[in-house]
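Peer 1: I have a structure I would like to understand better, so I am pasting it below and will then ask my questions one at a time.
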Amino acid sequence: MAVAALLIMGTTNTACKQTSKDQESESQQSSKVDEKTKTSAVDESKFQATCAGDIDHSTWKPNEATSVEFNAFPTNIAEWKHMQEMLGDEPQGAAALQVMAFELYRNNRADGEEALRLNNTQTNYNSTVERLHELMGNDKYYARPYIAWALLDGAKPENGYTVEPPYTIKIKVDPNKNYQESQLLHGTVIYLLIDSKGWDTNWRGVEVVKPEGSDYFVVSNCPAIYTQCKEAKTSK
C-alpha cells in the first residue's frame, strides 16, 4: 500500500508540475499577446484623415477633383490599417494610402510591404516593391527615399520636399481615360492623377479598382509615382 501511495503521489506531483509548466507557458503567451496589443495600439487622435470632394465610383467625370488631408504618416501597420479604415472605401483614398505605404516602407520595411500587399493587386505589388527597393537603396545617384514626400501638395525639389502637417494630396480624375470594366480584376478601373512638383510632368497617374466583394479600393497600376523623381535640393 505504501508503495502504491508513493506511486500515486509521484504521478500526482508530475501532473501538477506539468500543469504548472502549461500555466506558465500560457501566462507567457498571454503576456506576449498583451504586449503585442499594447505595441500596436493606435492613437486615433494623432492619425486623422479626411477627403475634400468626391470621386464618382461608376461614372467617368473628367477632371473631377478631390484632395486627401492627413496629419501624420503611419509608422507601423496598425496605424496604416487605421488610415485604411478611414480612406480605403474611396478611390482617392487608395491613392493616398499608396503614398503613405511608400513612406512606411522607407522606415519599416516589413510593415511597409504588408501595407503595400493590402493596398495593391498582386501584380502591382510585385512591381512596386521591386522599384521601391531600388529607390530606398544605397545608390546615391538613383536613390530617392523621400519619394512619398514628392507627392504632397507644396513639396518641391527646391524646398527639399519639406512641408508641414497637415499634409495634402491633390487628386483628380484623368480627363483622357474613361473608366473601364475589368474582367480580370472584377471591378471598374478608375484612372486618377496626383498633382506633384517632383517630376517634369506634374500629374502622375494611379489606377485603382474595387474588386468584387472587397471593402476597399486597391491600386492596380502606378509606375508614374514610383518612377525616380527629381533630386531634392536639400536633404530630406
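Peer 1: What residues have an amide H closer than 5 Å to that of residue 90, excluding those fewer than 5 places away on the same chain, when H is modeled at 1.01 Å from N in the peptide plane?
Peer 2: Result for residue 90 returns 217.
Peer 1: In whole Å, how far is the Cα centre of the stretch 73-118 from that of the stretch 214-234?
Peer 2: About 12 Å separates the Cα centre of the stretch 73-118 from the one of the stretch 214-234.
Peer 1: Right, next: Could you please report the charge total around residue 51, scoring K, R as +1 and D, E as -1 over all other residues with beta-carbon less than 11 angstrom from its beta-carbon?
Peer 2: Result for the neighbourhood of residue 51: -4.
Peer 1: If you don't mind, another one. Using only the alpha-carbon atoms, what does the stretch 49-113 span along each of its principal axes? Please give whole angstrom values in decreasing order.
Peer 2: On the principal axes, the stretch 49-113 reaches 37, 19, 16 Å in Cα extent.
Peer 1: Which entries in 46/177; 61/81; 140/210; 177/233; 81/172; 210/233 show an alpha-carbon gap greater than 32 Å?
Peer 2: Distance filter (> 32 Å) returns 46/177; 140/210; 177/233; 210/233.
Peer 1: Next question. Where Lys and Arg each count +1 and Asp and Glu each count -1, what net charge lies around residue 157 among other residues with Cβ under 9 Å from its Cβ?
Peer 2: With Lys, Arg at +1 and Asp, Glu at -1, the net is +2.
Peer 1: With an 8 Å cut-off on Cα pairs and a minimum separation of 6 or more residues, tell me the relative contact order of the stretch 148-236 in percent.
Peer 2: Reported as a whole number, the value is 29 percent.
Peer 1: Another question about this same structure. Sticking with the crude label model, points 7 Å out along Cα→Cβ, report the distance from residue 126 to residue 162 in nm, one decimal please.
Peer 2: It works out to 4.1 nm between the two label points.
Peer 1: Tell me which residues come under 5 Å, amide H to amide H, from residue 189 once H is placed; ignore anything under 5 positions away on its chain.
Peer 2: Amide H neighbours of residue 189, under 5 Å, 5+ apart: 180, 181, 182.
No lab work stands behind these numbers, since they all come straight from the coordinates. Source: prediction; values computed, not measured. Cβ sites come from the backbone with ideal geometry, for glycine too, and all protein chains shown count toward neighbours.
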